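Notes for the one structure printed next.
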Amino acid sequence: MRKYIDVLFYIVIVTFALVSCQNNESQLVSFKIHNNWEFKSVDDSVWLTAEVPGSVHTDLMSNGIIDDPFYRLNELNVQWIDKLDWEYRTTFNIDEETYAKDVIELNFKGLDTYATVYLNDNIVLEADNMFVSWRIPCKQHLNQGTNNLRVVFRSPITTGLEKRELLGYNLPGAENDQSERGGLGDKKVCVFSRKPGYHFGWDWGPRLVTSGIWQDVEIAAWNTANIIDVNIIQEQITTKKADLTIEVEIDALADNNISLVTLIDNEVGDAREFSLTKGKNKFSFPLEILYPELWWTNGLGDQRLYDFEIQIKDDFRMISKYPVTIGLRTLELIQKPDSVGSSFYFKLNGHPVFMKGANYIPQDVFLNRVSDEDYINTIKSAVDANYNMLRVWGGGIYEKDIFYDLCDEVGILVWQDFMFACAMYPGNKEFLENVEKEAIQNVRRLRNHPCIALWCGDNEILSAWNRWGWKENVQKNQGDAIVDTIWQAYDTVFHDLLPNIVNKYDPSRSYWSSSPSSGIGKLENGKSGDNHYWGVWWAKEPFEKYEEEIPRFMSEFGFQSFPEFNSVRKYTIEEDWDINSAVMRSHQRSSIGNVTIEEYLLRDYKKPKNFEMFLYVGQLLQARGINIGIEAHRRHMPYCMGSLYWQLNDCWPVASWSGIDYYGNWKALHYAVRDAFKQIIISSQLVDNIFSVYVISDELENTPGFLKVKLMDFDGNIIDSNSVKVVIDSNSSKIYFEKDIETIKDNFNLNELLILSGFESSDSILTDQDIFYFGKPKDLVLPQPNVDLKINRVEDGVYSLIVSTDVLAKNIYLQNPKYEGHFSDNYFDLLPNSSKKIIFYTTGLHDESFRTEDFIITTLADSYEIKAY
């Protein structure tokens with residue numbers, strides 16, 4: 001059993017623990033108000049059934065009033081919804097036990113956004129921020145028995161237009177606000193409401209501006225006192241001892257003496273006496289844990305979590321309890337000056353860690369539709385792809401608790417943006433007070449999570465103001481005084497308000513004012529801080545440019561693809577199956593989208609023979625580009641110590657930069673980054689006829705083994721072979737093999753050859769292998785492979801597929817059109833005369849095994865027309 005240090009109180013603790021077992025239930029009574037909700041437009045008279053949590057749009061869909069806005073062009077037909085006011089109502093019962101409590105609170109976890117709450121016809125709340133929760137003492141307005149609850153939502157568009165008019169000047173930016181699609185002309189209003197920016201549209205998302213009760217509603221009732229917050233500060237952590245400070249905030253109804261007990265994994269770790277005074281109380285005390293088990297990121301170790309529960313008791317009667325789960329670790333953002341600029345990397349438990357992952361956006365426009373299972377699947381997909389970091393981007397939401405709980409459990413660090421992106425914001429007193437409330441609440445809510453790595457003020461605003469022409473446009477059209485006013489608002493929020501809140505409420509974590517930047521208020525320069533590189537895509541630079549543009553930390557870069565054909569079929573009909581059709585253009589929100597994909601595709605691949613093949617090859621293109629970028633970043637460690645591509649997921653069915661489509665299907669990209677993010681990877685490079693093999697390791701220990709390099713043709717004939725005994729240095733990138741290929745060029749057609757490099761550990765386990773091609777895919781002389789498939793049923797919903805080929809089969813793509821599922825690998829290259837075992841997981845079949853003809857097998861050689869000579 002672990003030994004928790006509090007020797008002086010040992011006898012007292014044990015006695016207290018035994019007695020406290022007699023009554024371990026809190027006096028708190030709580031229940032959710034989720035039933036019997038109705039809604040209507042304020043101007044209507046007909047009430048319709050509603051779901052809570054929910055939204056106006058999803059309730060209208062459920063009642064058959066509107067069609068699915070994600071299908072074809074239906075989004076255009078529902079733009080009237082955000083211009084109306086809406087009303088929700090229900091009744092709920094307060095029983096005798098609950099009504100007898102001293103305090104009864106009505107709690108809204110989330111209201112979207114401008115809401116007036118009536119309890120038994122009394123106004124108890126005026127809400128104006130979607131990112132905060134609301135706790136309302138309400139006993140004086142309650143009845144024992146039946147109570148009426150009503151919530152009236154004001155139009156976020158009408159309210160936004162009013163605020164825009166009152167501001168008195170025009171704010172630059174917010175180009176992603178699709179105001180014209182919403183019938184507003186150029187009147188962009190997203191910045192005036194503390195509501196997700198992406199609801200107003202983005203270059204990967206629709207314009208669907210929601211209203212509604214988007215999180216839980218509950219009643220909470222208590223007597224005497226209630227714990228309202230617990231903060232566990234990790235003062236010093238070593239492998240021998242963890243020094244903690246426990247801060248507890250308690251709301252007391254009267255002066256009282258209490259016992260405060262700290263349980264750690266259901267064992268008593270501390271017990272002490274405190275005196276409460278009426279009102280707010282804050283106590284702090286030290287606590288030590290001997291030989292703590294540390295929390296590590298995915299790939300480096302276990303994610304040991306400690307379950308704390310703080311209890312307050314009065315004469316051994318439980319008054320209140322508060323659970324908190326933490327992981328013990330040290331985490332530092334290291335910015336050390338060097339000959340180039342300053343480093344930018346995270347040091348976890350004393351070890352520099354290369355950050356591998358992606359930018360994360362909300363999983364649906366309609367947030368109530370994102371289930372716990374959706375969160376689990378998304379985070380599992382990140383873990384399976386060897387992520388150790390996600391960036392929660394600033395145009396979405398501060399995610400629900402389950403998101404951070406899952407990241408804690410699996411070792412995914414979170415770069416957490418505050419919710420500001422790609423726009424300048426107001427700076428009036430009302431706005432600043434609203435932001436302050438939001439920031440304090442969310443910092444306090446999330447600070448105990450070991451996954452939180454960094455607080456970041458905004459997304460791209462500093463760069464946009466200085467480099468996108470915003471400042472010059474304001475200066476030209478509104479004058480220097482307005483320039484100063486707008487900048488002062490920015491400076492106040494991001495260089496004063498937010499850093500002071502982080503410093504006060506979560507001082508152990510770093511604050512970064514803007515992504516990208518090279519320091520607080522300093523523009524990105526590639527020599528310090530983090531970078532967003534969009535020369536590939538927006539400037540149409542070649543993928544190879546990724547190998548030149550190497551920053552200290554790449555927090556955004558990306559390339560688009562379409563979803564797979566089976567996904568596209570869900571939101572289209574056959575007449576839409578053309579990238580230039582109205583539907584496909586509508587489900588593409590980048591201003592240069594489809595034509596840019598096609599341009600890049602024809603640079604690297606032969607022209608696909610049809611629409612379905614275009615989607616397939618487009619995914620290969622995306623995977624190829626981002627893989628080049630990731631490997632370049634990893635080869636340059638420790639100069640570069642992070643690679644977060646844009647983006648992990650989608651919020652609706654769309655052509656976008658995501659690696660996982662809206663329906664949860666992995667694109668070729670996600671399979672590719674899974675391999676590129678492994679702990680040990682091989683990365684090959686050809687420069688001036690010198691072929692080099694890098695081995696990059698994120699391991700904390702050196703790894704001995706053998707590096708094997710083979711030159712072969714596409715029929716499997718070995719031309720050259722080398723085996724080198726090596727020791728791969730820990731946490732490093734290094735060249736372990738080099739060869740001049742000049743003689744190979746003279747004797748062979750390089751487009752008929754490949755180099756296979758593999759690293760085997762000393763116990764003969766293949767850790768990674770890399771296939772290097774000398775040309776672009778369109779230049780390769782690919783044979784037509786004979787791909788064979790054998791299927792075995794493992795158990796219900798799990799099937800083993802053995803895929804084999806006689807010659808090189810490039811980018812094998814497996815599909816099962818009849819049953820949806822997930823392949824353990826896909827879009828992979830299969831070497832000549834080899835086979836590979838793939839697991840297919842599906843919920844669609846539970847009796848007989850599949851037949852071979854149930855699967856479609858596509859290779860790159862099938863994607864284009866073969867010219868007849």
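The values are calculated or read from the model by the stated rules, or taken from the named source; none is laboratory data. Note that the coordinates shown come from a computational prediction; the quantities given were computed from them, not determined experimentally. Here the Cβ is made from the backbone with ideal geometry for all residues, glycine too, and neighbour counts use every protein chain on show. In case anyone asks, the SASA skips ligands and DNA or RNA and just uses the protein heavy atoms, side chains included. Shrake-Rupley method; radii C 1.70, N 1.55, O 1.52, S 1.80 Å.
Close amide-amide hydrogen proximity is noted between ILE452 and VAL414, each under 5 Å apart and 5 or more residues distant or on a separate chain (H modeled in the peptide plane; Pro and chain starts excluded).
What's the magnitude of the charge dipole for the chain around its Cα centre, counting Lys and Arg as +1 and Asp and Glu as -1 at the beta-carbon? Answer in Debye, nearest 20.
Numbers: 84 positive and 126 negative charges, 221 e Å.
Computed about the Cα centre, the dipole is about 1060 debye.
Under a 1.4 Å probe, what is the accessible area of the range 250-322 per residue, stated in Å²? Provide the component values of the computation, followed by the final result.
On the way: 3220 Å² over 73 residues.
Each residue of the range 250-322 exposes 44 Å² on average to a 1.4 Å probe.
Highest average first, the peptides 202-215, 397-410 ordered by how many other beta carbon atoms sit within 10 Å of their residues are 202-215, 397-410.
Sorted largest first, the principal axis extents computed over the alpha-carbon atoms of the range 669-812 equal 48, 42, 27 Å.
Does a label point 7 Å from the Cα of THR146, set along Cα-to-beta-carbon, have any residues of the range 29-67 with amide nitrogen under 19 Å, and which are they? Only 33-39, 47-50 fall inside the zone, counting backbone N under 19 Å.
Per residue, how much accessible area does the range 734-855 have with a 1.4 Å probe, in Å²? Write out the running numbers ahead of the final one.
Details: 6040 Å² over 122 residues.
About 50 Å² of surface per residue is accessible.
Most simply put, the range 341-437 has about 25% antiparallel DSSP beta bridges, counting only bridges with both residues inside it.
What number, rounded to the nearest 500 deg cm²/dmol, is the helix-based mean residue ellipticity at 222 nm of the chain, given -39500 (n - 2.57) per DSSP H run of at least four residues and division by all its residues? Per the formula, -6000 deg cm²/dmol.
For TYR819, no residue 5 or more places off, or on another chain, has a built amide H under 5 Å of its own.
Placing +1 on the Cβ of every Lys and Arg and -1 on the Cβ of every Asp and Glu, with nothing else charged, gives the range 781-865 a dipole about its Cα centre of roughly 200 debye.
Can you give the translational diffusion coefficient of the range 583-720 in µm²/s, computed by Stokes-Einstein from the Kirkwood radius over Cα pairs at 37 °C and 0.692 mPa s?
Numbers: Rh = 17.6 Å.
Stokes-Einstein gives a translational diffusion coefficient of 187 µm²/s.
Computed from backbone phi, the HN-Hα couplings of the range 764-779 come to 6, 8, 6, 7, 7, 9, 10, 10, 9, 10, 7, x, 5, x, 5, 8 Hz, rounded to whole numbers (Karplus: 6.51 cos²θ - 1.76 cosθ + 1.60, θ = phi - 60°; Gly and Pro given as x).
Taking 10 °C and 1.306 mPa s as the conditions, I'd like the Stokes-Einstein D for the range 727-775 in µm²/s, using the Kirkwood hydrodynamic radius from alpha carbon pairs. Working shown, then result.
Details: Rh = 13.2 Å.
Translational D for this selection: 120 µm²/s.
Return one number: the angle in degrees, 0 to 90 and rounded to the nearest 10, between the long axis of the Cα atoms of helix 372-384 and the longest principal axis of the Cα atoms of the chain. So the helix axis and the longest Cα principal axis differ by about 40 degrees.
Where does each of 417-425, 386-394, 226-234 land if you order them by average Cβ count within 10 Å, highest first?
386-394, 417-425, 226-234
Given the peptides 837-844, 551-558, arrange them by the average over their residues of other C-beta atoms within 10 Å, most packed first.
551-558, 837-844
Placing unit charges on the Cβ atoms of the charged side chains and taking the dipole of the range 466-585 about its Cα centre, the candidate lying farthest along the positive direction among GLN478, ILE550, SER561 is GLN478. A simple charge model with +1 on the Cβ of Lys and Arg, -1 on the Cβ of Asp and Glu and nothing else charged puts the dipole of the range 103-245 at about 60 debye relative to its Cα centre. What is the local net charge at SER528, summed over the other residues whose Cβ is closer than 12 Å to its Cβ (Lys, Arg +1; Asp, Glu -1)? It works out to a net charge of +1. Of the two radii for the range 248-346, the radius of gyration is 1.17 times the Kirkwood radius, both from the alpha carbons; that is the Rg over Rh value.
The alpha carbon convex hull volume per residue for the chain rounds to 196 Å³.
Using a probe of 1.4 Å on the protein chains alone, the accessible area found for VAL46 is around 80 Å².
To the nearest 10, the accessible area of THR805 is 10 Å² with a 1.4 Å probe. Report in % the part of the accessible area of the chain that belongs to carbon and sulfur, leaving out ligands and nucleic acids; probe 1.4 Å. Result for the chain: 47 percent of the exposed heavy-atom area is carbon or sulfur.
Using the Karplus relation 6.51 cos²θ - 1.76 cosθ + 1.60 with θ = phi - 60°, the per-residue 3J(HN,Hα) values for the range 132-148 come to 10, 9, 10, 10, 10, x, 9, 4, 5, 9, 8, 10, 6, x, 7, 9, 9 Hz, with x marking Gly and Pro.
Heavy-atom accessible area per residue, the range 116-199, 1.4 Å probe: how many Å²?
Numbers: 3560 Å² over 84 residues.
Accessible surface, normalised per residue, equals 42 Å².
At the residue level, ARG589 shows approximately 30 square angstrom of accessible surface with a 1.4 angstrom probe and all protein chains present.
Placing unit charges on the Cβ atoms of the charged side chains and taking the dipole of the chain about its Cα centre, the candidate lying farthest along the positive direction among ALA464, TYR819, VAL56 is ALA464.
With respect to the chain, whose longest principal axis is taken over its alpha-carbon atoms, helix 611-635 is tilted by about 80°. Between the C-alpha center of the range 503-546 and that of the range 141-219 there is a gap of 29 Å.
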